[in-house]
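Take a look at the structure below.
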Amino acid sequence: MGKRAWNCCLGVSTAVLYGSLALFVSILHNVFLLYYVDTFVSVYKIDKLSFWVGETVFLIWNSLNDPLFGWLSDRSFLSTPQSGSRISSPEVVLKRVESLARNGPLFALSFLAFWVAWAHPGLQFLICLCLYDGFLTLVDLNHNALLADLAVSANERTRLNFHSSLFSALGSLSVFLSYSFWDKEDFMSFRLFCVALAALSVLGFAVVSRILLHRFQNEVRSNKNGEGDLLKELSLGQAPLAQTEKPITLAEYLKQLSRHRNFMWFVSMNLVQVFHCHFNSNFFPLFLEHLLSDRISASTGSFLLGISYIAPHVNNLYFLTLSQKLGVYRVVRGLFLLKLGLSIAMLLAGADQVYLLCLFIASNRVFTEGTCKLLNLVITDLVDEDFVLNRRQQAASALLFGMVALVTKPGQTFAPLIGTWLLCVYTGYDIFDRSPLKDSVAAVGVSGTESSLPLRQGCFYLLVFVPISCALLQLLAWSRFTLHGRRLQGIKARRQGAQHLVDVKAI
């Protein structure tokens, strides 16, 4: 019976196996995002200084570990020290899968370290955050790099991303289940819930990675005999020999990247996107409290919060289908225009339109998060362009994903800093230093008294002017991005080894 089940698993498509890896990450990561701060603040009683020290160290580590792990993973692909020593595509994929097989279960175990007090709260907070983010980065980098390494054609990459979004949506259901177990006074039930999630994640990574290892180990053997066909189905052939034989240093790679114009315009746009995504997450509860709490029920507020987590993944399934017809560039540009149009319409309608306000708050987060999900496809196109422009032996997929993260992750920090500064400028309201007088004003802020009007109006202006500003900046940067249409087709053809095309710089 066990052998029959294993044979059935071996028959599952590579796209489904790739997508299922996102499930084993999302069931843990969504719970982590919702509860780790509240756990340390309310349950473990961490002091303010330890909390901010931990967050500061985490910010530095979070920004640096992506390019660091990407460089360690891909530096062998950036040079050909010995003439003729080339790495085949199945071997690259096999290396990614081996990393996932090692680090996936360790990621799940690092998740468990949050929910049991085993050290001083400040020390545990720092160690847990850095361990968790380190293993999460290793898993994310290799999973995202597989998107570029498994396929070159836009249709195949969209199919892979479609399955990833589908399984991520399923993984978001852990957020809804978690509300039944979350109790700060009796933490044991929540701990057991987290153990069950981690066990499911460990089992999933072990089974899926074993199947993929079996599949690509066979592919490597077949490839050496000239019989490999798995990656041919995914539109990726043998990597060509690089024309250079000297190793490329990190400094030389960064110099090459600085000359990659589409990369620079993309990270400029994506920095704003990361800022906007985290701004929505950081200030979602604030907008609910000061704009809607007296006009909607608590259950409606909880529904808006819950739907904002799962809807982006479901919505992305439609966006990916649309991308196959129109191209990712046009879909992303359309989402920027939609964000701009909805924000202007909300500004004209005013803060008193309750149903429009509910719809706008939810849709703003859904469409913004949905755009983030599409951008991995654009990064894979940048991997192809980097491969062709610099005539690499093999595409440095994980390293490029890491460099994108290095430039854009500061947006996570800018979001709360700029948002709270703007709120203070508009209203004089400081959420970090609230005197009893301000508390009393905020408490009556939703009752319609005149003294509370600046806070309510300030929240509304923050809600609409931030997406308007972000949309305008992103449309400007996106208009300078040229990796679409005929140029993108030429890049993909060059990577697939089409020799009859003209030089890429002429496209």
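The values are calculated or read from the model by the stated rules, or taken from the named source; none is laboratory data. All of these numbers come straight from a predicted model, not from anything done at the bench. FYI the Cβ positions are ideal-geometry reconstructions off the backbone, even for glycines, and counts take in every protein chain you see. Remember, those area values only see protein heavy atoms, side chains included, never the ligands or the DNA or RNA. Shrake-Rupley method; radii C 1.70, N 1.55, O 1.52, S 1.80 Å.
Give the residue, chosen from LEU109, LEU126, LEU141, that is under 26 Å from VAL207 (Cβ atoms) and modelled with pLDDT of 90 or more.
The unique qualifying residue is LEU109.
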| task | Give the residue, chosen from ASN262, ASN270, ASN280, that is at pLDDT 80 or above, farther than 30 Å from TRP71 by Cα and part of a helix (DSSP H, G or I). | result | ASN280
| request: Go through the stretch 143-183 and give me each residue that's polar (S, T, N, Q) and not in a helix (DSSP H, G or I). | output: SER153, SER172, SER180
| said: So the check is Cβ under 6 Å with 6+ separation or different chains; which pairs have a first residue in the stretch 102-121 that's closer than 13 Å to PHE40 by Cβ and a second one that's surrounded by fewer than 23 Cβ atoms within 10 Å (Cβ to Cβ) and of a type in the set (A, V, I, L, M)? | reply: PRO121/ILE46
| Restricting to the stretch 111-127, what's the tally of residues that are under 18 Å from ILE27 (Cα atoms), in a helix (DSSP H, G or I) and open to solvent by less than 10 Å² (accessible area, probe 1.4 Å)? | 1
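Residue-by-condition table, conditions (1) assigned to a helix (DSSP H, G or I); (2) surrounded by 15 or more Cβ atoms within 10 Å (Cβ to Cβ); (3) assigned by the TED database to the domain that holds GLY171; (4) modelled with pLDDT of 80 or more:
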position	(1), (2), (3), (4)
ALA198	yes, yes, yes, yes
SER201	yes, yes, yes, yes
GLY204	yes, yes, yes, yes
VAL207	yes, yes, yes, yes
LYS232	yes, no, no, no
PRO240	no, yes, no, no
PRO247	no, no, no, no
LYS255	yes, no, no, yes
PHE266	yes, yes, no, yes
| in the same structural domain as ARG191 (by the TED database), more than 30 Å from GLN489 (Cβ to Cβ) and open to solvent by less than 30 Å² (accessible area, probe 1.4 Å): does that describe LEU138? | no
| remark: Picked from the stretch 28-41 (must be open to solvent by less than 10 Å² (accessible area, probe 1.4 Å) and of a type in the set (A, V, I, L, M)), the residue nearest to THR158 (Cα to Cα) is LEU28
| task | Only residues that are buried (at least 24 other Cβ atoms within 10 Å of the Cβ) and farther than 13 Å from THR321 by Cα: list them for the stretch 152-167, please. | result | VAL152, SER164
